[in-house]
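**Student:** The structure that follows is given in the form of structure tokens.
The values are calculated or read from the model by the stated rules, or taken from the named source; none is laboratory data. Not measured: the values here are computed from a predicted model. As a convention, Cβ positions derive from the backbone with ideal geometry for all residues, glycine included, and neighbour counts pool all protein chains shown. Ligands, DNA and RNA are excluded from the accessible area calculation, which covers all protein heavy atoms including side chains. Shrake-Rupley method; radii C 1.70, N 1.55, O 1.52, S 1.80 Å.
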Amino acid sequence: MTAPDENRFDWQAAEADLTGPDAEVVDLDDARARRATSRPRPAGDTHFDMPLDETPQTGGMPVDPPAAGASGRRPIIPAGWSGWRNIRHSVRELAEVTAYRVGFHAVRAPWYATQAAFWSTVGVFRLTGRQLRWWWVSEQTGLRQAAADAGDAQTWHKLHREVKATRAWRALVLTAEALTLGIGGPIAWTLAPWWALTAGAGLAVAYLAHVGRPDDRPIITPATVAGRFRRVNPDIILRAYYAAGLGHPDKAHQQVEFGSTMARDPSGTGSQVSIDLPYGKTFDDAVKARGAIASGLDVAVSQVFITRDPSSHRRHTLWVADRDPLAAGAGRTPLLRCKPTDIWQPAPFGLDERGNKVAVDLMWNSVLIGAQPRQGKTFAARLLALYAALDPYVKLTVLDGGGKPDWRKFALVADRCAFGLAMTRDGDPAEIVLEALREIKADVQDRYERLSKLPADVCPEGKLTREIARDPKYRMPVRAVFLDEFQEYFDLGEISKEIASLLVYLVKVAPAAGVMFVDATQRPSGVGGGQVATQFISFRDNHQVRFSLRTGSWNVSDLVLGAGANSEGYDSSTLLPSYKGVGILRGASDATPTVRTYLADADDAEKILIAARKLREAAGTLTGMAAGEDIARESRDVLADVRALFGPNERGLQWEDIAARLAERMPEYYADTTAESISAQVRAFGVQSVDVKRAGKALKGAKADAIDAAIGRRKTA
């Protein structure tokens, strides 16, 4: 639609129409009131009761089904029995339920018989007592006693005569009953066929057991229990929203309105409705008030979910689940099919609260996973690693600071891996981590240089493409780095300074070069102090995608999910301790769902990794440690390197100058060296840190004589 040309519009004529004698002034409040009264209200919208649905409806039907036609008549033949296809479906469902019930009760039949025999014996005595009380007319005792207390002899005598006559008549009835049983029973036993005796005995036992059992002890338990679900009707929702402070029923322009008919969710697991908040109230206000809304609806907060409506910031969809949707697991991972994956496609991660599939796009992203111990943090990170492993063209680096068994099998496919912090046959894990990060940084820098030189028809946007990544001649495969318990690498003393610097650089720069990071920690608040602590925060805060399983407080939840998550209503500390593998996913899409991750236990992971190794062997992409290669580790002589920096007339250098010269002359080994890290390495050989004056400023550094002395001591040792 084209915008009107305001230069050609006759504004004077328009004003004359609005201000002329025939112009009509409209009272907006009256117009809204007329519109509200003319709008039909759904059935049940007249009370604040909370009725329950007898059975859940499926297929997105209204909670209160409307009449079939304008006459208000419902169809004579139900929809389930109208048409041959519906009849077949209904008969099949009925047969399935009947077969299930028969099997259920057949298994329990011996127990039913035992209970029936016991309670029928009790029933004999209970029935005898009832009949004796019936014969004695015990209910009249109170009337005669009242007449005696009142001194009313005439009434007492009248009641006495009536009770004597009633007892005499009832005695005859009981006598006839006893004679019938005493004489007719043996005759029937002798003459009646077996099937009649069996049926009679069964009926007698069933009746006596019914008489004898307590009211709260049914003998036969139902095979199926019809669920009862809270009906969502307008009154309940309005009460909840007004109680949560999201509007006021009696103030102008502060009423909550409905943007859709209340209906069952298409999955049949809850009820939903579109809500229009008053002007000035926002979606964020509704998210913050989620707990208060749940209280107003009288359900658990885990059953209430609020979804943004893109058409208006004051409109959202309210979904109330029949049961806690997060209590049920998402099931086994689809990766158990062991089919090749494609890292350029999103990785299957789990199901959201409404049963929708959730996937995480790993390309160009870095993922942070945080949680308390034993909440499924490692399983969630490993799930993404298994997806990457099944793509034979992805180069894996797996570094586990905790040393848990969960990651050990990745040695089958990982180019480089390190587990724990204790010395292994492969060397010191901390040194392996440092060397791996150095190599990745050098690769990232080399990639950027080579990508910038590729022609536009090969590299259209100056960034890695799927074709380049899978073409061996370019030597730029997608790389995936997985760090579990990465806080351990920030708390190793002096070596942590370089590791921290490398990690901060890579998490900022590497994803755009096709090197993704998935990092998990149980200490998102940080470790250590000084520069390392600052770098930890920088590393943590530079992840695009955040997944937080249960945390101890909203503060920790905000550290994982990112600043402002709690103010938007996302708080992983509200997740129940019983939830395993359940967390809030933020940054992967426009929505922020609560995800139940797929399960891949140790056996599943081993099966997938064995298949992943076979795929890599077939593709010829098995490299590094997984291929049995001995990764060369060149050990640098730090003292000799530092001594070589001194000029002929220089007897001392400040640590800043030493770090700068090392980075300039030997960048392949000292590109990220800082003054603090090189100082620590040199002082470890007994070289003292002293004041060195240069350009009129005295700063800490090292003397050439002290370095020479340290080299001499090493030779004589």
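**Student:** Return the pairs, sorted by first residue and then second, in which the second residue is open to solvent by 40 Å² or more (accessible area, probe 1.4 Å) and among the small types (Gly, Ala, Ser), the first residue lies in the range 410-428 and is closer than 25 Å to Asp603 by Cα and without any contact (Cβ under 8 Å) to a residue 60 or more places away in the chain, the beta carbons are less than 8 Å apart, and the residues are 6+ apart or on different chains.
**Tutor:** Gly420/Gly402
**Student:** Right, next: Collect the residues in the range 569-593 that are surrounded by fewer than 21 Cβ atoms within 10 Å (Cβ to Cβ), among the charged types (D, E, K, R) and touching a Phe, Trp or Tyr at 6+ places or on another chain (Cβ under 9 Å), keeping them in residue-number order.
**Tutor:** Lys580
So that you can scan it fast, the table gives a plain yes or no per residue for (1) in contact (Cβ under 8 Å) with a residue 60 or more places away in the chain; (2) outside any helix (DSSP H, G or I); (3) polar (S, T, N, Q); (4) surrounded by 10 or more Cβ atoms within 10 Å (Cβ to Cβ):
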residue: Gln154; (1), (2), (3), (4): no, no, yes, no
residue: Lys164; (1), (2), (3), (4): no, no, no, yes
residue: Ala176; (1), (2), (3), (4): no, no, no, yes
residue: Pro186; (1), (2), (3), (4): no, no, no, yes
residue: Trp195; (1), (2), (3), (4): no, no, no, no
residue: Leu203; (1), (2), (3), (4): no, no, no, yes
residue: Ala209; (1), (2), (3), (4): yes, no, no, yes
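**Student:** Checking the conditions here, which among Pro373, Pro340 is of a type outside the set (Lys, Arg), modelled with pLDDT of 90 or more and either touching a helix residue (DSSP H, G or I) at 6+ places or on another chain (Cβ under 9 Å) or not in a loop (DSSP other than H, G, I, E, B) (or both)?
**Tutor:** Details: Pro373 fails: either touching a helix residue (DSSP H, G or I) at 6+ places or on another chain (Cβ under 9 Å) or not in a loop (DSSP other than H, G, I, E, B) (or both).
One residue alone meets the criteria, Pro340.
**Student:** Looking at Leu622 and the list (1) of a type in the set (A, V, I, L, M); (2) modelled with pLDDT of 90 or more; (3) in a loop (DSSP other than H, G, I, E, B); (4) within 26 Å of Pro325 (Cβ to Cβ), which single condition is not satisfied?
**Tutor:** For Leu622, the failing item is (4).
**Student:** Could you list, in sequence order, all residues of the range 551-568 that are in contact (Cβ under 8 Å) with a residue 60 or more places away in the chain and open to solvent by 30 Å² or more (accessible area, probe 1.4 Å)?
**Tutor:** From the range 551-568, those in contact (Cβ under 8 Å) with a residue 60 or more places away in the chain are 551-552, 556, 559-560, 567-568; that's our starting set.
Residues satisfying the conditions are Gly552, Val556, Leu559, Ser567, Glu568.
**Student:** Please specify each residue of the range 579-594 satisfying the condition of being part of a loop (DSSP other than H, G, I, E, B) and either within 13 Å of Pro325 (Cα to Cα) or touching a Gly at 6+ places or on another chain (Cβ under 6 Å) (or both). Steps first, please.
**Tutor:** We begin by selecting, within the range 579-594, every residue part of a loop (DSSP other than H, G, I, E, B); these are 579-581, 587-593.
Result: Tyr579, Lys580, Gly581, Pro593.
**Student:** Any chance the range 380-398 includes a residue that's in a loop (DSSP other than H, G, I, E, B), in contact (Cβ under 8 Å) with a residue 40 or more places away in the chain, of a type in the set (Val, Ile, Thr) and in contact with a Lys or Arg (Cβ under 8 Å, 6 or more places away or on another chain)? Talk me through it step by step, then tell me what you get.
**Tutor:** Our first condition is that a residue be in a loop (DSSP other than H, G, I, E, B); within the range 380-398, this holds for 390-393.
Now drop any that are not in contact (Cβ under 8 Å) with a residue 40 or more places away in the chain, which leaves 390-393.
Okay, now just the ones that are also of a type in the set (Val, Ile, Thr), so none.
Within the range 380-398, not a single residue is in a loop (DSSP other than H, G, I, E, B), in contact (Cβ under 8 Å) with a residue 40 or more places away in the chain, of a type in the set (Val, Ile, Thr) and in contact with a Lys or Arg (Cβ under 8 Å, 6 or more places away or on another chain).
**Student:** Now a separate question. Out of (1) crowded, with 19+ Cβ neighbours inside 10 Å; (2) hydrophobic (A, V, I, L, M, F, W, C); (3) modelled with pLDDT under 90, what's the single condition that is false for Ala436?
**Tutor:** Status for Ala436: all satisfied but (3).
**Student:** Ser548: of a type outside the set (A, V, I, L, M), under 16 Å from Gly526 (Cα atoms), open to solvent by less than 20 Å² (accessible area, probe 1.4 Å) and touching a Leu at 6+ places or on another chain (Cβ under 7 Å), yes or no?
**Tutor:** In short, yes.
**Student:** Taking the condition of being open to solvent by 50 Å² or more (accessible area, probe 1.4 Å) and either at positive phi or out of contact with any helix residue (DSSP H, G or I) (no Cβ under 8 Å at 6 or more places or on another chain) (or both), how many residues in the range 698-717 meet it? Give the steps one after another, and end with the answer.
**Tutor:** Going through the range 698-717, the residues open to solvent by 50 Å² or more (accessible area, probe 1.4 Å) turn out to be 698-700, 703, 705, 708, 713-717.
Those still in the list that are either at positive phi or out of contact with any helix residue (DSSP H, G or I) (no Cβ under 8 Å at 6 or more places or on another chain) (or both) too: 698, 703, 705, 713, 715-717.
Residues that pass the stated criteria total 7.
**Student:** Can you report the number of residues in the range 662-717 which are among the aromatic types (Phe, Trp, Tyr) and more than 28 Å from Ile440 (Cα to Cα)?
**Tutor:** So the answer is 1.
**Student:** Now a separate question. When the range 130-145 is examined, which residues are found to be open to solvent by less than 40 Å² (accessible area, probe 1.4 Å) and under 60 Å from the mean Cα position of the chain (by Cα)?
**Tutor:** Residues satisfying the conditions do not exist here.
**Student:** Now for a different question. Check whether at least one residue in the range 301-320 is in contact with an Asp or Glu (Cβ under 7 Å, 6 or more places away or on another chain), farther than 19 Å from Asp235 by Cβ, in a helix (DSSP H, G or I) and not acidic (Asp, Glu), and report yes or no.
**Tutor:** Yes, because at least one residue in the range 301-320 is in contact with an Asp or Glu (Cβ under 7 Å, 6 or more places away or on another chain), farther than 19 Å from Asp235 by Cβ, in a helix (DSSP H, G or I) and not acidic (Asp, Glu).
**Student:** For Ala640, all conditions in the list (1) at pLDDT 90 or above; (2) out of contact with any strand residue (DSSP E or B) (no Cβ under 8 Å at 6 or more places or on another chain) hold save one; what is the number of the exception?
**Tutor:** Result: Ala640 passes all but (1).
**Student:** May I ask you to say which residue of Leu246, Leu238 is open to solvent by less than 40 Å² (accessible area, probe 1.4 Å), in contact with a Pro (Cβ under 9 Å, 6 or more places away or on another chain) and assigned to a loop (DSSP other than H, G, I, E, B)?
**Tutor:** Values: Leu238 fails: assigned to a loop (DSSP other than H, G, I, E, B).
Going through Leu246, Leu238 in turn, just one is open to solvent by less than 40 Å² (accessible area, probe 1.4 Å), in contact with a Pro (Cβ under 9 Å, 6 or more places away or on another chain) and assigned to a loop (DSSP other than H, G, I, E, B): Leu246.
**Student:** Shifting gears a bit: Of the numbered conditions (1) more than 24 Å from Asp352 (Cβ to Cβ); (2) touching a residue at least 40 places away in the same chain (Cβ under 8 Å); (3) not charged (D, E, K, R), Thr534 fails exactly one; give the number of that condition.
**Tutor:** If we test Thr534 against (1) more than 24 Å from Asp352 (Cβ to Cβ); (2) touching a residue at least 40 places away in the same chain (Cβ under 8 Å); (3) not charged (D, E, K, R), just (2) comes out false.
**Student:** Counting residues that are on the phi < 0 side of the Ramachandran plot and small (Gly, Ala, Ser), which helices (runs of 4 or more DSSP H) fully inside the range 639-697 reach at least 1?
**Tutor:** Per the criteria, 655-665, 675-683.
**Student:** To continue, here is another question. Can you tell me which residue in the range 460-492 is nearest to Ala430 (Cα to Cα), limited to those that are in a loop (DSSP other than H, G, I, E, B), of a type outside the set (Val, Ile, Thr) and free of Cβ contacts under 8 Å to residues at least 24 places away in the same chain?
**Tutor:** Quick first cut of the range 460-492, residues in a loop (DSSP other than H, G, I, E, B) only: 460-465, 471, 475-477, 485, 491-492.
Those left that are additionally of a type outside the set (Val, Ile, Thr): 460-464, 471, 475-477, 485, 491-492.
Next, only the ones that are free of Cβ contacts under 8 Å to residues at least 24 places away in the same chain stay: 460-462, 471, 475.
Working: Pro460: 39, Glu461: 37, Gly462: 35, Asp471: 33, Arg475: 27 Å.
It comes out as Arg475.
**Student:** Name every residue in the range 493-513 that is open to solvent by less than 10 Å² (accessible area, probe 1.4 Å), of a type outside the set (Val, Ile, Thr) and more than 19 Å from Met476 (Cβ to Cβ), in order of residue number.
**Tutor:** So in the range 493-513, the residues open to solvent by less than 10 Å² (accessible area, probe 1.4 Å) come out as 496, 499-500, 502-503, 506-507, 510-511, 513.
If we keep only those that are of a type outside the set (Val, Ile, Thr) too, we end up with 496, 500, 502-503, 506, 510-511, 513.
Scanning the range 493-513 gives Ser496, Ala500, Leu502, Leu503.
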